[in-house]
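**Q** One structure follows; several queries about it will come next.
No value in this document is a laboratory result; all are computed from the given coordinates. Please read all numbers here as calculations on a predicted model, not as lab measurements. Cβ placement follows ideal geometry from the backbone for every residue including glycine, while neighbour counts extend to all protein chains displayed.
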Amino acid sequence: MNTLFDKIWDSHVVSLIEDGPTQLYIDRLYCHEVTSPQAFDGMRARGIKCLRPEKIFCMPDHNTPTHDQDKPIEDPVSKKQVDALERNAAEFGLTHFGMMNPKNGIIHVVGPERGLSLPGMTIVCGDSHTSTHGAMGAVAFGIGTSEVEMVLASQCILQQKPKSMRISVEGELGKGVTAKDVALYIMSKLTTSGATGYFVEYAGSAVRSLSMEGRLTLCNLSIEMGARGGFIAPDETTFEYIKGREYAPKGEDWDKAVEYWKTLRSGDDAVFDREVCYDAADITPMITYGTNPGMGMAIDGTIPADTAKKSLDYMGFQAGESLLGKSIDYVFLGACTNGRIEDFRAFASIAKGRRKADNVTAWLVPGSWMVKEQIEAEGLDKVLEEAGFAIRQPGCSACLAMNDDKIPAGKYSVSTSNRNFEGRQGPGARTLLCSPLVAAAAAVTGVITDPRTLMD
Amino acid sequence: MKQKFDIIQSTCIPLPLENVDTDQIIPARFLKATTRDEKFFGDNLFRDWRFDKDDQPKADFVFNQPDFCQAPSEGVHQVLVAGKNFGSGSSREHAAWAIAGYGFRVVISSFFADIHKNNELNNFVLPVVVSEDFLAELFATIKADPSAQVKVDVPAQVVTNLTTGRSESFEINGYKKYCLLNALDDIDYLLEQKAKIEAFEAGR
């Protein structure tokens, strides 16, 4: 009662169906190439148009290669899907940021950085990591393709209202501890189904102290604890980030918007269906050892004795062992989780003055062209180049290996992405999820390393 | 595919694993299709658990075992029984298309991930949530007798293990039940709501 989630949700209710779901109005729909073609097909089959095309933005990201984007995509199946999005957007009158468009990138990186995702909005996309946009103070969640079609057709969706949960992290984050570590820590405590059925509000001094990039990382991973979405009440950090961005309100509209956004907070008397609280001092740099994101531990910890044998066999690990010093093969920096400027700064801070280890193949993939431009403007590309790393072109890349960036079977990938499921980064690939700092430490040493030992 | 629900009585395929994520149900490389070809997705259901890298069936996976390899048809293997937290991870509706395409009408588990549960319902696959006890007993029943049947009575909202006679009621809201019994989907409903949507927009 009287939570920020209630406020935003309730202000978007068009109708309540008796003994049924809520008809919820959607302010922003994003479409990528993978989960939208069948929805557009459905629209054609029904002979209908989009009700509010101006609220819908499309861009390919999952299939895009991370090199030579100015040339046609080599994989004909990927090309067909990317082309279909462009054609569908044109047919239905929707804005489309195609490959090589300076506005292109991973949808969950582009939305916030262009000012398309704003506080108080309801935001959906056929992608579970839509929870990312919650960092702006919005109610944002992933949906299926049938639901994409609902929004294309009616700008509404039918949903049961989830329960609300507050996760507070109080105190100061320690050396080498990032938003990614906070999320991996929460997941390791809650498990991957611990927040199923809930919408999460992140709060507490450690969350407040996060930059927008950090908040986007934290909210991104809400789905990995089972939550439908997660958000952070907007504050000065949020307003500062949004101000001046391309699609953000300007002039008088800006003042009015901020005035409204300042009201977007849970009441002091707010009652959540569930509350959990963690102490920031308990969180260290984290790494996963298993085959779901809840299977994480402190980087200097040991694999729990009760770990499922199926996971251990897949990963080639044993219960009770430490991962420090284990040789690795690939490092992936990027994805909607950690493909933002702050992530590249963090990686570069470790790489600076060091060299990439010879046994490591590293893929550094910015989340968008805007991020890539900023990397170059700050000279981080030079720092990384001197250390033996190259910056690729933006896209989802090795997070789910729908393009050519696949980790070979049996190889270890230290990855800043969001899922370590069996085969996620390529059939047989073994993924260890971590922060950009942990990834950088592995990249320069060739083994799993506590990044704190490489920091000043 | 839109189809009416009534009473389904069938043998089951057991998958007693927890946290089965949608990347396992349908790996990402099969998401490149631009059409909703349920046969294609059904053929690739649990692809990397069912087949090795040379596309040969893996003998130890339940779908390939003699008792369970028969494709679903009326009364046969129309029900998938899965461990808790089924369908976690990616929102890909392709996972629901694969389950529907293989021929399942019902998935029984003690817990479903949110998005996947909606995706099943939107594709006329019924997710039936049962207690941990009911689920454990059902797994034991099927293990003892692979030809054991369950009855899923949608109008009465009751699921029964026909071997032990144990019944449990399951939840489904009145609206969705009406849709399933009459083969209507949410888009049919929403398209009739234009006046309400415009009134909402005007009132903001």
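**Q** For A:Cys31, what residues show an amide H to amide H distance below 5 Å, using hydrogens built from the backbone and excluding near sequence neighbours?
**A** Amide H neighbours of A:Cys31, under 5 Å, 5+ apart: A:Phe57, A:Cys58, A:Met59.
**Q** When the helix-only estimate is applied to chain B (DSSP H runs of n ≥ 4, each -39,500 (n - 2.57), divided by the residue count), what is the mean residue ellipticity at 222 nm, nearest 500 deg cm²/dmol?
**A** Calculated mean residue ellipticity at 222 nm is -8500 deg cm²/dmol.
**Q** Please tell me which of these pairs span more than 18 angstrom C-alpha to C-alpha: A:Lys80/B:Lys53; A:Lys310/B:Lys117; A:Lys180/A:Lys406; B:Lys117/B:Lys176; A:Lys79/B:Lys32?
**A** Numbers: A:Lys80/B:Lys53 25 Å; A:Lys310/B:Lys117 25 Å; A:Lys180/A:Lys406 23 Å; B:Lys117/B:Lys176 12 Å; A:Lys79/B:Lys32 9 Å.
Flagged as over cut-off: A:Lys80/B:Lys53; A:Lys310/B:Lys117; A:Lys180/A:Lys406.
**Q** Something else: In region A:19-34, which residues have a backbone nitrogen under 14 Å from the label point lying 7 Å from B:Asn173's Cα in the Cα-to-Cβ direction?
**A** Residues passing the 14 Å test: A:19-25.
**Q** Set the Förster distance to 30 Å, then compute FRET efficiency between A:Val77 and A:Lys189 from the Cβ-Cβ distance, nearest 0.05.
**A** That pair, A:Val77 with A:Lys189, gives E of 0.15.
**Q** Which is the longest part of chain A that has none of the GluC sites (Glu not before Pro) sitting in a DSSP loop with at most 14 other Cβ atoms within 10 Å?
**A** That would be A:75-171.
**Q** Here is a further query. For chain A, take the longest principal axis of its alpha carbons; what is the angle in degrees between that and the long axis of helix A:76-92, to the nearest 10 within 0 to 90?
**A** Once rounded, one gets 30 degrees.
**Q** Turning to a different aspect of this structure: Convert each backbone phi in region A:370-379 into a coupling constant with the Karplus relation 6.51 cos²θ - 1.76 cosθ + 1.60 (shift: θ = phi - 60°), then list the ³J(HN,Hα) values in order as whole Hz, x for Gly and Pro.
**A** Rounded to whole hertz, the list is 4, 5, 4, 4, 5, 4, 6, 4, 8, x.
**Q** Here is a follow-up. Residues with beta-carbon under 13 Å from that of B:Asp23, excluding B:Asp23: net charge, scoring Lys, Arg +1 and Asp, Glu -1?
**A** On the way: positive: A:Arg419, A:Arg424, B:Arg29, B:Arg47, B:Arg92; negative: A:Glu224, A:Glu422, B:Asp21, B:Asp48.
With Lys, Arg at +1 and Asp, Glu at -1, the net is +1.
**Q** Now a separate question. Taking the dipole about the Cα centre of region A:211-330, with the C-beta of Lys and Arg at +1 and of Asp and Glu at -1, give me whichever of A:Trp261, A:Ile232, A:Gln318 is farthest to the positive side.
**A** A:Gln318
**Q** Label-point separation (nm) for A:Asp306 and A:Asn359, each offset 7 Å from Cα along Cα-to-Cβ?
**A** 3.3 nm
**Q** Let me ask you something else. Cα centroid distance between region B:91-130 and region A:155-200, in Å?
**A** 24 Å
**Q** Okay, next question. Out of all DSSP beta bridges with both ends in region A:4-159, state the antiparallel percent to the nearest 5.
**A** That works out to approximately 35 percent antiparallel.
**Q** For the pair B:Ala136 and B:Leu191, how long in nm is the line joining their label points, each one 7 Å along Cα→Cβ?
**A** Label-label distance for B:Ala136 and B:Leu191, simple model: 4.8 nm.
**Q** Round to the nearest 10 and give me the degree value, 0 to 90, for the angle of helix A:179-190's Cα axis relative to the longest principal axis of chain A.
**A** 80 degrees
**Q** OK, next. For chain A, what proportion of DSSP beta bridges, expressed in % and rounded to the nearest 5, is antiparallel?
**A** On the way: 13 of 52 bridges.
If we restrict to bridges inside chain A, about 25 percent are antiparallel.
**Q** Further question: Considering amide H positions built from the backbone, and no H for Pro or chain starts, which residues 5 or more places from B:Val128, or on another chain, come under 5 Å of its amide H?
**A** B:Val107, B:Ile108, B:Ser109
**Q** Using the basic label-point model (7 angstrom from Cα toward the beta carbon), what is the A:Asp70 to A:Lys256 distance in nanometres?
**A** My value for the distance between the label points is 4.4 nm.
**Q** Related question: With just the Cα atoms defining each centre, how far is region A:46-64 from region B:19-80? Give it in Å.
**A** Their Cα centres are 30 Å away from one another.
**Q** Over the Cα atoms of region A:163-281, each weighted equally, I'd like the Debye log10 I(q)/I(0) at q = 0.12 Å⁻¹, rounded to two decimals.
**A** -0.47
**Q** Here's a follow-up. Quick one: helix B:132-144 against the long Cα principal axis of chain B, what's the angle to the nearest 10°, folded into 0 to 90?
**A** For helix B:132-144, the angle is close to 40 degrees.
**Q** Using a 4.7 Å Cβ cut-off, which Cys residues in chain A lack a partner cysteine?
**A** A:Cys50, A:Cys125, A:Cys156, A:Cys219, A:Cys277, A:Cys336, A:Cys396, A:Cys399, A:Cys434
**Q** Quick one: Cα centre-to-centre distance for region A:219-284 and region A:322-359, in angstrom?
**A** About 28 Å separates the Cα centre of region A:219-284 from the one of region A:322-359.
**Q** Among all the aspartates and glutamates, which ones have a C-alpha under 15 Å from A:Lys309's C-alpha, if same-chain residues fewer than 8 places away are not counted?
**A** Qualifying aspartates and glutamates at Cα under 15 Å: A:Glu321, A:Glu422, B:Glu18.
**Q** Counting only other chains, what is the mean number of Cβ atoms within 10 angstrom of the Cβ of each residue in peptide B:32-39?
**A** What the average comes to for B:32-39 is 6.
**Q** Express the C-alpha Rg of region A:285-453 as a ratio against the empirical globular expectation 2.2 N^0.38 Å, rounded to two decimals. Provide the component values of the computation, followed by the final result.
**A** On the way: Rg = 15.0 Å, N = 169, 2.2 N^0.38 = 15.5 Å.
Here the answer is 0.97, to two decimals.
**Q** With θ set to phi - 60°, apply the Karplus curve 6.51 cos²θ - 1.76 cosθ + 1.60 along region A:65-72 and write out the HN-Hα couplings as whole Hz, x wherever there is a Gly or Pro.
**A** The phi angles translate into x, 9, 8, 6, 5, 6, 9, x Hz.
**Q** What percent does the relative contact order of chain A come to when contacts are Cα pairs within less than 8 Å and at least six residues apart?
**A** Contact order relative to length: 17 percent.
**Q** Continuing with this model, one more query. Just the C-alpha atoms of chain A: what Rg/Rh do they give, with Rh taken as the Kirkwood radius? Spell out each step's value before the answer.
**A** Working: Rg = 21.1 Å, Rh = 22.1 Å.
In chain A, Rg relative to Rh is 0.95.
**Q** Find the relative contact order for chain B and round it to a whole percent, using C-alpha pairs within less than 8 Å whose residues are 6+ positions apart.
**A** 26 percent
**Q** I've got another one for you. Assuming R0 = 60 Å, can you tell me the calculated FRET efficiency for the pair B:Asp54 and A:Lys382, based on Cβ-Cβ distance, to the nearest 0.05? Intermediate values should be presented prior to the final figure.
**A** Values: r = 46 Å, r/R0 = 0.76.
Here the calculated transfer efficiency is 0.85.
**Q** May I ask you to derive the FRET efficiency for B:Glu198 and A:Met1 from their Cβ-Cβ distance with R0 = 30 Å, giving the value to the nearest 0.05?
**A** 0.50
**Q** What are the residues whose amide H is under 5 Å from the amide H of A:Ala203, where those residues sit 5 or more places off or on another chain and H is modelled from the backbone?
**A** A:Ile167, A:Ser168, A:Val169
**Q** Tell me the mean residue ellipticity at 222 nm calculated for chain A from its helices only (DSSP H runs of n ≥ 4, each -39500 (n - 2.57), averaged over every residue, nearest 500). Write down the numbers at each step before the final one.
**A** On the way: 16 runs with 142 residues, N = 456.
That comes out to -8500 deg cm²/dmol.
**Q** Only bridges with both residues in region A:285-453 count here: give the DSSP antiparallel percent, nearest 5.
**A** Taking every DSSP beta bridge with both residues in region A:285-453, the antiparallel ones total about 30 percent.
**Q** Compute the projected area of the convex hull of the Cα atoms of region A:6-156, averaged over all viewing directions, and report it in nm² to one decimal place.
**A** Working: hull surface 37.4 nm².
Its average projected convex-hull area is 9.3 nm².
**Q** Which aspartates and glutamates have a Cα lying under 13 Å from the Cα of B:Lys2, excluding residues fewer than 8 positions away in the same chain?
**A** Partners found: B:Glu38, B:Glu120, B:Asp185, B:Asp186, B:Asp188.
**Q** Using θ = phi - 60° and the Karplus curve 6.51 cos²θ - 1.76 cosθ + 1.60, what whole-Hz ³J(HN,Hα) does each residue of region A:298-310 get, with Gly and Pro shown as x?
**A** Once θ is set to phi - 60°, the couplings for region A:298-310 become 4, 4, 9, x, 10, 5, x, 5, 8, 5, 4, 4, 4 Hz.
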